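Working notes, beginning with the structure itself.
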Amino acid sequence: MIVPMKRVFLLVAAQDRDAALTALQSLGILHLTVSEAFEPEEVEAARTELDRIRQLKERLPREFAGQTATCHPDERFDLQQLWTLLDRRQRMREKLEALETESERIRPFGRFDPETIRQLADREVYVRLFEVPNESRPEVPGRATVVETHRNRDRVFFAVIDRERQPVQATEHSLPERSLAELERERQELLGSIEEINQSLAGFAGCQDQLQAEHDRALDRLRYVRARSAMSDQGPALCLQGFIPADSHQELHDQAEANGWGLHVREARPEESPPTLLRQPSWVRPIRTVFELIGVVPGYNETDISTPFLLFLSLFFAMIVGDAGYGALFLGGSLLARRFAWLPGQAFRLLLIMSLSTIVWGLLIGNVFGLAELPAPLAGLSIEWLTGPDSDNHLMLLCFIIGAVQLTLAHVWRALLLLPDLRAVSQLGWILVTWTMFFAARSLVLLEPFPEEMLWALSAGAVLVVAFMLPLRSALANWSEYVRLPLDFISSFVDLVSYIRLFAVGSATYAIAAAFNDMAAQLGPGGFLTGLAAAGIIFFGHSLNILLAGMGVLVHGVRLNTLEFAGHTGIQWTGVPFDPFSHARRWQR
């Protein structure tokens, strides 16, 4: 559910500002109203420091992958030293790359001293460097001397020596500042310096905990200075505004009474855009991983669809992947990642649900790694209706049924939210329209007869929608909603038909797996090399298929919930996450 919020106005004496902020940060329940249009210098400095530490957190795991070490056992963790070392090494690597690029450019012209060429130019003897395609012959002035320095499959490199700098039909290279020998010498010096820095950095290999502590400290500092900058001056007092969960009111009241703060709390108004705090049963919480991944939060005045979102996404995931073997791989990989603490608990539980759903669905449709025939124990678990001669039609029908049921649930949910408003009756009309579109889709795609009585259902649904979609007093002012209504009916049909993507993507997953299996089988029995080639084909093919199936879930499975289902429920994902003023790790959404 979405937790009700209360609006808070807090007054503290100016001399008690820092003590009040420290107490509020320890309490950790107040979501501050902070304007980010203008930030003081101390806020910008704190944000810069936090950004730098976050960059270090991203770079260190890659830097010391596989290494185990302690972090300066006899020294204090020096964040500035770590940043300086990484920054110096980055600049050296960039300089090294530029040196190697310049070396590659002049290497075809051989080893020469650019200073000698410049001295010759002072005496009006000009040495210029050129290249042309291998099949071309450059036109060189008659009295000039041409010295070919290098030839490869594609290009010819040469020098032209003359006294008049005559034009040459070829690509000219500028004279380098330093010789190839000097560039190579500096390259070796840079490599040595980089190796010295790497040895110094090795002392930070075990510093993940210390770096996390620095990150938390910087995050606390940023939150603190932002809160301090948000306090408006009210003469001898300072005012702080924000929101708290309604059930946390007493905690703040007790703290205010103990510290002598002025406190005013009232119900949050919709126009104030309160933050959204979701509280779900423990078995539903894994869906937060998906919300965070795609960056969506329902608005405060919307509704929490976490439970149906998780249930339908599990079904969509299973139907799109559609392979019990892949589900078993997901399950094994999740258990392994959890065993070595690579996977957070919430993400692990989400993958556990998705993996088990995929295994069950794959067994029901008789699909394990795209094999044409399954062993008897596994084959006996499939359902004839999903695997028989008309299984494709049955699966498409099932997709339409799932779509009609989910969209019906969306309109029932919306009606319950609208009650006792008469607009709730219009949702009954949309339910009749939805099921009419179901039979229309079944008729157009599966060539089943369309029940004539559904025309009466469509007419009744249209009447209910038109009569109750808007309050009577605002109907005339919102006449454009009625003009758009035919497009909404068409959109309802399109939304329902879009559920067939579950069948289409699932069938494609099976077809790709079967195709790679056939490719491997066509190699036939043979020796070691043939078996190795077949194994390579199977590994590559199924790895690619798993990747495509995962993308299909993101593109299609998540979309059906966030757009089709959420749209019919009236959710626009306009929420701002509840982010209280607290210490790092104190608050877990």
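General remarks:
- Within region 515-544, the residues that satisfy the criterion of being of a type in the set (Gly, Ala, Ser) and either under 21 Å from Leu329 (Cα atoms) or touching a strand residue (DSSP E or B) at 6+ places or on another chain (Cβ under 8 Å) (or both) are Ala515, Ala520, Ala534, Ala535, Gly536, Gly541, Ser543.
- Residue ID - surrounded by the fewest Cβ atoms within 10 Å (Cβ to Cβ), chosen from residues in region 417-435 that are within 37 Å of the chain's Cα centre (by Cα) and among the β-branched types (Val, Ile, Thr): Ile431
- So Ala415, is it in contact with a Phe, Trp or Tyr (Cβ under 8 Å, 6 or more places away or on another chain) and either more than 21 Å from Phe309 (Cβ to Cβ) or in a helix (DSSP H, G or I) (or both): no
- Whenever a residue of region 153-164 is over 19 Å from Arg107 (Cα atoms), its partners that are in a strand (DSSP E or B), lying with C-beta atoms within less than 8 angstrom and at least six residues away or across chains, give the pairs Asp162/Tyr126; Asp162/Thr145; Arg163/Tyr126; Glu164/Tyr126.
- Unmet criterion (only one of (1) of a type in the set (D, E, K, R); (2) surrounded by fewer than 13 Cβ atoms within 10 Å (Cβ to Cβ); (3) farther than 30 Å from Asp87 by Cβ) for Arg279: (2)
- The single condition from (1) of a type outside the set (D, E, K, R); (2) touching a helix residue (DSSP H, G or I) at 6+ places or on another chain (Cβ under 7 Å); (3) assigned to a helix (DSSP H, G or I); (4) under 26 Å from Gly327 (Cα atoms) that Leu398 fails is (2).
- Annotation: Gly333 fulfils all but one of (1) modelled with pLDDT under 90; (2) outside the structural domain of Thr48 (by TED's automatic domain parsing); (3) not aromatic (Phe, Trp, Tyr); the unmet one is (1).
- Residue count for region 222-281 satisfying the condition of being part of a loop (DSSP other than H, G, I, E, B) and either in contact with a His (Cβ under 9 Å, 6 or more places away or on another chain) or hydroxyl-bearing (Ser, Thr, Tyr) (or both): 4.
- Of all residues making up region 229-261, the number that are touching a Lys or Arg at 6+ places or on another chain (Cβ under 7 Å) and surrounded by 15 or more Cβ atoms within 10 Å (Cβ to Cβ): 5
- Among the candidates Lys57, Lys6, residue that is basic (Lys, Arg) and at pLDDT below 90: Lys57
- Among the candidates Ala521, Ala467, Ala457, residue that is closer than 29 Å to His394 by Cβ, over 37 Å from the mean Cα position of the chain (by Cα) and modelled with pLDDT under 90: Ala521
- Within region 379-416, tally of residues that are more than 37 Å from the chain's Cα centre (by Cα) and touching a residue at least 40 places away in the same chain (Cβ under 8 Å): 0
- Filtering region 262-275 to residues that are surrounded by 18 or more Cβ atoms within 10 Å (Cβ to Cβ) and in contact with a helix residue (DSSP H, G or I) (Cβ under 6 Å, 6 or more places away or on another chain) leaves nothing.
The values are calculated or read from the model by the stated rules, or taken from the named source; none is laboratory data. In this text the structure is predicted, and so the values were computed from the model without any measurement. Cβ: placed from backbone, ideal geometry, glycine included. Neighbour counts: every protein chain shown.
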